[in-house]
Amino acid sequence: MSKYRGDKSAVAALVRETEVHRDLYIDPELFELEMRHLFVNTWNYVGHDSQVPHEGDYFSTAIGTQPLIMVRSDDGAVRVFYNRCPHKGTRLTEGSGNTGRFFRCPYHAWSFRTDGSLLAVPLRAEYENTGFENSVAVRGMTQVAHVHNYRGFVFAKLGTVGPGFEEFFGASLSSLDNMIDRSPVGRLEVAGGVLRYRHDCNWKMLVENQTDTMHPMIVHESSAGTAVAVWKSAPAGTAKPMAVEIYAPFMSSYDFFQKMGIRVWQHGHGHTGVSHSIHSDYSAVPGYAEQMAQAYGAERAQAILGENRHNTVYYPNVMIKGPIQLLRIFRPLAVDRTLVESWTFRLVGAPDLLLERTCMYNRLVNAPTSVVGHDDLEMYRRQQEGLACDGNEWLNLQRLYAPDEIRRNDDVTTGTSERLMRDHFRAWAHFMTMSM
Amino acid sequence: MAAPSDRELSDFVLGEARLLDEQRFEEWLDLFTDDAHYWMPLEWGQTDPRHTASLMYEDRLLLKIRVERLKGSRTYSQKPRSRCHHLLQVPRVERRDEAANLYETWTPMHYVESRGDRQDFYAAWTTHHLVAVDGRIKIRLKRVDLVNCDAAFGNIQLFM
């Protein structure tokens, strides 16, 4: 029996001002509806154009559970296609590579130009007088209509309703700008490999946790707290290692997180770390500030490097860390299964030590071997199991709630507020129901 | 110390795995030189541990943090605790350089990590760079190459 399909008001009723219903995390039907509505009506990151620098380069990716191909076409444009052959549905590509001037289906050798159009079918004469020219298949690979390349970051929207790119992201693009501007030439390249971490929990738990500033000093006491304690026993005068610089700020006080602030934008986007963040006090990388000053002028360089935004969430399921040049995607696989991909970038033209720090951060915090990751995953796992309890069907998101907050856009709140999480669910209800 | 024999090197590697299986982590940590690294690459045939991510690339400080963390009363990912099991092929001495005091062994292994009702299986090749220090064999580099190094994993909480 269907609880939510076709029932817009039942879906909308799952999100209250300060509470959300547990079914958002445990109901398989809602997961399916998310794939059909939430991930269709929103703009989602599909890849970076440095992954497809040359004509014919492709990268196999996805939005929600829809397999896609991002390709650099012969005309130099980056296009996005559904990753299936129009003949019988075979997935055309795995991973990444160069396909040359055309894609060739490995099953029956139908081939397609890099703009998706059908190039050739073996024994084509056998389709004559069959009406093939009127088929769906003859149109070639199905292109994703709405694609936007923002300074190298390629986003796509699968559906036809929902806002345009600029309207969807609004001022939140300033976080991507800051990450990109940290390169003296204003360019990033995917580098350092991708860490892939399986989580037995709903994808939204991970997204919420990105701007949950009330958990680090509790959940990461075991990892970051131990790091601080072990470091204290080092002989006096020992230079503070990069790893300790990365771990220690996780143990910052409530006061630190309250004061850092959270900025919220429309559509569930927002970031922690308005005035400062856990990334503010890293050691300077020799030569880098000078390079930046030369490229941008002293004042502008200082403004770029003075932004230390902690985590920026691009709703629904992407997070970036500008000061670390890191992007995480929380890929929904099933209602209780999520794959976390943590990608890193090289600041083109900047010292290699920055990429080294980025890679270290990624493996210390985001790897399946990471003690910080172990701390978090344990909480998600317990949350997923706890939500099955029938004692209470609602999750509470009331911290620093104000009834008029919805009217304040592009607002800065106390850093420990759950406002941004409430905004996630407002956006969730909005994009879920707009096409029902 | 006289140069360690092949048998001593091989026994050392087998003994190291046993310390892990018996959860004698402090003694295990003491097998590493001060400048040692434990490296678990992310890429097949990875050569650069610094500008490419790894699953682990840890010095003694980071290894010590892990060992201390495993004992913590608020380490909830270890409630219940994990256990591990190493099944090693006989370690093979690949390189002996007595002048440089460097010995390299190669050891295929199967590794199982369990926690509660869950058990995960891994297959890997372990390379040890060993040195003789004050009459003892010590590890300068332990490199663990998983056969599926680039796969998506769940938690790996102990040491392979």
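Every number here is computed from the coordinates shown, using simple stated rules; none is lab data. Note that the structure is predicted; figures quoted are calculated from it, not measured. Cβ coordinates were reconstructed from backbone atoms using ideal geometry, including for glycine residues, and neighbour counts include every protein chain displayed.
For chain A, leaving out every one of the chymotrypsin sites (Phe, Trp or Tyr not before Pro) that falls in a DSSP loop and has at most 15 other Cβ atoms within 10 Å, the longest unbroken run is A:108-400. Note on the range A:350-401 and the range A:151-166: Cα centroid distance 27 Å, given to the nearest whole angstrom. With pairing defined as another cysteine C-beta under 4.7 Å, the cysteines of chain A that fail it are A:CYS201, A:CYS359, A:CYS389. Loop-resident GluC sites (Glu not before Pro) (DSSP state other than H, G, I, E or B) in the range A:51-149 with no more than 13 further Cβ atoms inside 10 Å of their Cβ: A:GLU94, A:GLU128. For the range A:196-272, trypsin sites (Lys or Arg not before Pro) meeting the loop criterion (DSSP other than H, G, I, E, B) and having at most 12 other Cβ atoms within 10 Å: none.
Placing unit charges on the Cβ atoms only, positive for Lys and Arg and negative for Asp and Glu, gives chain A a dipole magnitude near 540 debye about its Cα centre. In the protein assembly as shown, helical runs assigned H by DSSP with n ≥ 4 each contribute -39500 (n - 2.57); averaged across all residues and rounded to the nearest 500, the mean residue ellipticity at 222 nm is -7500 deg cm²/dmol. Spherically averaged projected area of the convex hull of Cα atoms, the range A:320-436: 10.9 nm².
For helix B:6-21, what angle does its Cα long axis make with the longest principal axis of chain B, in degrees from 0 to 90 and rounded to 10? For B:6-21 against chain B, the angle is about 20 degrees. In the neighborhood of B:LEU87, defined by Cβ-to-Cβ distances under 13 Å, what is the net charge if each Lys or Arg adds +1 and each Asp or Glu adds -1? Net charge around B:LEU87: -1. Loop-located GluC sites (Glu not before Pro) in the range B:12-90 (DSSP state other than H, G, I, E, B) with a sparse environment of at most 13 neighbouring Cβ atoms within 10 Å: B:GLU22. Scalar couplings 3J(HN,Hα) for the range A:384-395, obtained by applying the Karplus form with A = 6.51, B = -1.76, C = 1.60 to θ = phi - 60°, are 4, 6, x, 5, 6, 5, 8, x, 7, 9, 10, 9 Hz; x denotes Gly and Pro. Students often get this wrong: which residues of the range A:293-313 have the backbone nitrogen under 20 Å from the point 7 angstrom along Cα-to-C-beta of A:ALA284? Answer for the range A:293-313: A:293-309.
Summing +1 for each Lys or Arg and -1 for each Asp or Glu among the other residues whose beta-carbon sits under 15 angstrom from that of A:GLN66 gives +3. Neighbours of A:LEU118 by Cβ distance under 13 Å: Lys/Arg scored +1, Asp/Glu scored -1, total +2. The ellipsoid that matches the Cα gyration tensor of the range A:192-433 has semi-axes, each √(5λ) in whole angstrom, of 30, 22, 18, with the longest given first. Taking amide H as placed 1.01 Å from N in the peptide plane, A:HIS215 has no amide H partner under 5 Å among residues 5 or more places away or on another chain. Once the C-beta distance of B:ARG92 and A:GLN398 is scaled by a Förster radius of 45 Å, the resulting FRET efficiency is 0.15 to the nearest 0.05. A Gaussian network model of chain A, with springs between Cα atoms under 10 Å, assigns the largest mean-square fluctuation among A:ALA77, A:ALA171, A:ALA125 to A:ALA125. Within 10 Å of the Cβ of each residue in B:53-65, the mean number of Cβ atoms contributed by other protein chains is 6. Normalised by the number of residues in the range A:225-384, the average gap of Cα pairs under 8 Å and 6 or more apart makes the relative contact order 15 percent.
Comparing A:ALA62, A:ALA298, A:ALA227 in a Gaussian network model of chain A where C-alpha atoms under 10 Å apart are linked, the largest mean-square fluctuation is found at A:ALA298. Averaging 1/r over every pair of different alpha carbons in chain B and inverting the result gives a Kirkwood radius of 16.4 Å.
For peptide A:354-361, the mean count of partner chain Cβ atoms within 10 Å of a residue's Cβ comes to 3.
What fraction of the Cα pairs in the range A:45-150, stated in percent, has a spacing above 25 angstrom? For the range A:45-150, the share of Cα pairs beyond 25 Å comes to 18 percent.
Kirkwood hydrodynamic radius computed over the protein assembly as shown comes to 26.1 Å, based on all pairs of distinct alpha carbons. In percent, rounded to a whole number, the relative contact order of chain A is 22, using alpha-carbon pairs under 8 Å and six or more apart. Taking the longest Cα principal axis of chain B as reference, the axis of helix B:60-71 is set at about 40 degrees.
Enter the angle in degrees (range 0 to 90, nearest 10) between the Cα long axis of helix A:352-365 and the first principal axis of the Cα atoms of chain A, meaning the one along which they spread out most. Long axis of A:352-365 versus the principal axis of chain A: about 90 degrees.
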